[in-house]
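What follows draws every value from the coordinates through simple rules; no lab data is involved. No experiment lies behind these values; they were computed from the predicted model shown. Note that we place each Cβ from the backbone using ideal geometry, even for glycine, and neighbour counts take in every protein chain shown.
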Amino acid sequence: MRTVDRTRMQAPIGRVFDTAADVERWPALLPHYRWVRVLELRPAGGLVEMAAWRPFGPVGYPTWWVSEMRVDRSAPAVHYRHVRGITAGMDVVWRFTPDGDSTDVAIVHQWSGPRWPLIGRAAADLVIGPVFIHGIASRTLAGIKRYVEADGQKG
């Protein structure tokens, strides 16, 4: 399973990257995030627990996972490896490309699916990736975009 979500943000790369890497602030900025907890600090990252709502109309479905997070300012990129939850084994990378005063942001999720006999790969390709992963990642990008673009109007 591979999902790619991308957007262009009308804000400089420093503001976009710093906001995306500051995951502890996400619940204050992104209404679909229930919580983010740093379980263990490590050089350039740590072990983070995240929980979000995946809305289905008026009903929200709770999701949860734990990831090893690594911030690479030189790339620039933020890497995650899901280590707990249904998506354990998933690799995620946020990539940032500056373009003048704008920044292109792409989130790539790659995963072979849950270890469920017979249906694991199909569940990942048909439901988990396009419905849950894309549903949350697209909202996360949209929320960060709203924040950094509004913040840019202040200064």
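Table for the structure above
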item: Calculated FRET efficiency for the pair residue 150/residue 44, C-beta based, R₀ 30 Å, to 0.05; result: 0.60
item: Cβ crowding within 10 Å averaged over residues, with 84-96, 2-14 ranked highest first; result: 84-96, 2-14
item: Positive-end residue of 140, 39, 111, charge dipole of segment 2-154 with Cβ unit charges; result: 111
item: Ellipticity estimate at 222 nm from DSSP helix runs (n ≥ 4, -39,500 (n - 2.57)) divided over the chain, nearest 500; result: -7000 deg cm²/dmol
item: Separation in nanometres of the label points that stand 7 Å from Cα toward Cβ, at residue 126 and residue 75; result: 3.2 nm
item: Length added when fully stretched, residue 64-residue 18, from 0.36 nm per residue minus Cα-Cα; result: 14.2 nm
item: Given charges at beta-carbon only (K, R positive; D, E negative), |dipole| of segment 1-143 in Debye; result: 320 debye
